[in-house]
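Encoded as structure tokens, the structure appears first; notes follow it.
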Amino acid sequence: MKRTIWVLVTVLLLCGCDLRDHVAQFDWPKSDDSLATALLDSLQVAPISLLLSEDPGDIKQQLWGTFANRELALRYSQIEIPAGVSAWPVFRGRLIEAAKAAGRNSESLAGALDEIARQKEWLVTEKQIFPFGAFIAKQRGEKVWAIPCLWESGRSYDDEGMPSPVRAGHIQIWAFLIESGRQIGYVSCK
């Protein structure tokens, strides 16, 4: 089955087809992937006790200290995503659903997620990136989306030369004012 998929991908590439149109068509997660399913079902859209500074350098440190190398990031980094599959649309959709269910500003969250996807299009379409929560912090009394994402740009291959599933081991964290959508912070491990 893997070989058939890769032959199809190769043919599409040789024909000049844009694979970004086909990536989201793969069914992920599979029904037997209990870890991915459980973690998708437990995505959080919730307030946290984070009062962000106005200084950009301090914001980076605050975001990093809140999300990097913490239990939540480590838990989501265990998900294995098949090569050629973009997890972004699945996580994006689930977060927006969770925001609606929690009575949060889902339109603002969708805008912030779309801005992240615009800035990191190469990760969304060619590699791997996914948000593992959307948290409401504050800055000078204004509500802020703090959105941590795991990402991976490397690839590994099995003994037959087929791409192996991806585990996202790097982190990027964004902060956007909820009302205006203006980005006020960003930090990445690389």
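List of remarks:
- For the pair SER180 and ASP32 in one chain, pulling the backbone fully straight at 0.36 nm per residue adds 49.2 nm over the alpha carbon distance.
- All lysines inside 23 Å of LYS60 as judged from Cα atoms, apart from same-chain residues fewer than 8 positions distant: LYS120, LYS138, LYS143, LYS190
- Taking TRP145, TRP122, TRP64 as the candidate residues, the one with maximal mean-square fluctuation in a Gaussian network model of the chain, Cα springs under 10 Å, is TRP122.
- Cβ charges +1 (Lys, Arg) and -1 (Asp, Glu), total dipole of the chain, debye: 280 debye
- For the chain, diffusion coefficient by Stokes-Einstein and Kirkwood Rh (Cα), 10 °C, 1.306 mPa s, µm²/s: 91 µm²/s
- Computed from label points 7 Å out along Cα-Cβ, the spacing between LEU51 and SER156 is 4.4 nm.
- Whole-angstrom gap from the range 43-95 to the range 148-187, using each part's C-alpha centre: 9 Å
- The range 90-152 shape via C-alpha gyration tensor axes, a/c threshold 1.5: prolate
- Charge sum, other residues only, whose C-beta stays under 11 Å from VAL144's C-beta, Lys/Arg counted +1 and Asp/Glu -1: +2
- Rh by Kirkwood over Cα pairs, then Stokes-Einstein D for the range 111-190 at 1.306 mPa s and 10 °C, µm²/s: 115 µm²/s
Bear in mind that the values in this text are calculations on the coordinates, not laboratory data. Computed from a predicted structure; not experimentally measured. Note: ideal-geometry Cβ built from the backbone for every residue, glycine included; neighbour counts use all protein chains shown.
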